[in-house]
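Have a look at the structure below before the remarks.
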Amino acid sequence: MSSLDRHFILGYGSLINGESRAKTGETGNVWPVKLHGFERHWSVMSVDYGMSSVAVVHAPEKACNGVLVEVPFDQFPLFDERERGYQRAQIDAEQLTTYQDEPLPAGTYWVYHTHDVVEPHQECPIALSYLDVILSGCLEHGDAFTQDFLVLTQGWTSPLLNDRQAPRYPRVQPDLPTERLNNLLAPVTTLSIKELSVTYES
């Protein structure tokens with residue numbers, strides 16, 4: 001396969017999580033990276049689930065972290081459907097720096113972005129069931145990567161809902177070990193450790 005036939009999606013939210021990606025379509029290898037020229041925000045992307053999502057917007061001098069995921073081009077309609085409400089745009093290799101020493105593969109890189117950030121509100125708060133999936137995905141790539149997700153995301157002062165007992169996120173992963181996630185979240189969220197500690201019902 002020539003490099004022109006290889007396609008990659010930059011996942012910066014739930015697509016960081018390998019189990020979550022597998023629920024949508026077939027994917028290949030993954031490279032943790034920083035994407036320059038975009039900033040990640042909490043934003044209301046759809047009111048369907050009563051929760052907010054992360055989205056990136058063009059922002060010179062800013063960056064966010066994520067994973068570059070190889071995706072067969074025939075799987076793109078599945079990911080386009082998952083990311084409904086976002087625009088898919090091509091990005092340049094020069095916009096990416098890696099967390100590892102190995103060079104990035106040649107091919108066509110894509111990211112799902114938005115033009116406008118709509119701040120989360122009480123009807124569409126940041127939902128812990130979604131955030132747990134993202135953070136557990138970040139931990140697949142180490143502590144530094146996880147901390148970068150927290151630092152390089154804007155909007156942590158928005159309303160946050162512990163919905164672990166009645167998850168709003170459709171691709172919830174109810175078996176995640178939440179104690180470690182709670183400790184990561186405590187410094188950035190509007191909830192206390194006590195409020196964070198309500199775990200999923202078995």
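Rule-based calculations on the coordinates, nothing more; no lab input. Keep in mind it's a predicted model, so treat the numbers as computed, not measured. Cβ sites come from the backbone with ideal geometry, for glycine too, and all protein chains shown count toward neighbours.
So here's what we get for this one:
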read-out: Contour minus Cα-Cα distance for E81 and H115 (0.36 nm per residue); value: 10.4 nm
read-out: With 10 Å bins from 0: P(r) over segment 89-137, alpha-carbon pairs, percent; value: 17, 30, 35, 16, 2
read-out: Residues D132, D5, D163, sorted so that the one with the fewest Cβ neighbours within 10 Å comes first; value: D5, D163, D132
read-out: Hydrodynamic radius of the chain per Kirkwood, over alpha carbon pairs, in Å; value: 17.1
read-out: Unit charges on C-beta of K, R, D, E only; dipole of the chain, Debye; value: 260
read-out: Over segment 142-187, equivalent-ellipsoid semi-axes from the Cα gyration tensor in Å; value: 20, 15, 10
read-out: MRE, 222 nm, helices only [DSSP H, n ≥ 4, -39500 (n - 2.57), over the chain, to nearest 500]; value: -6000 deg cm²/dmol
read-out: Alpha carbon convex hull of segment 11-115, volume per residue in cubic angstrom; value: 102
read-out: ³J(HN,Hα) computed for each position of segment 80-85 - Karplus, 6.51 cos²θ - 1.76 cosθ + 1.60, integer Hz, glycine/proline x; value: 4, 5, 4, 9, 4, x
read-out: R0 of 22 Å, Cβ-Cβ distance R171-E26: FRET efficiency to nearest 0.05; value: 0.85
read-out: Inter-probe distance in nm under a simple model that places probes 7 Å from Cα toward Cβ, at T98 and D143; value: 2.4
read-out: Of all DSSP beta bridges in segment 3-196, antiparallel share, percent nearest 5; value: 75
read-out: Gaussian network model of the chain, springs between alpha carbon atoms under 10 Å - residue of A63, A166, A127 with greatest fluctuation; value: A166
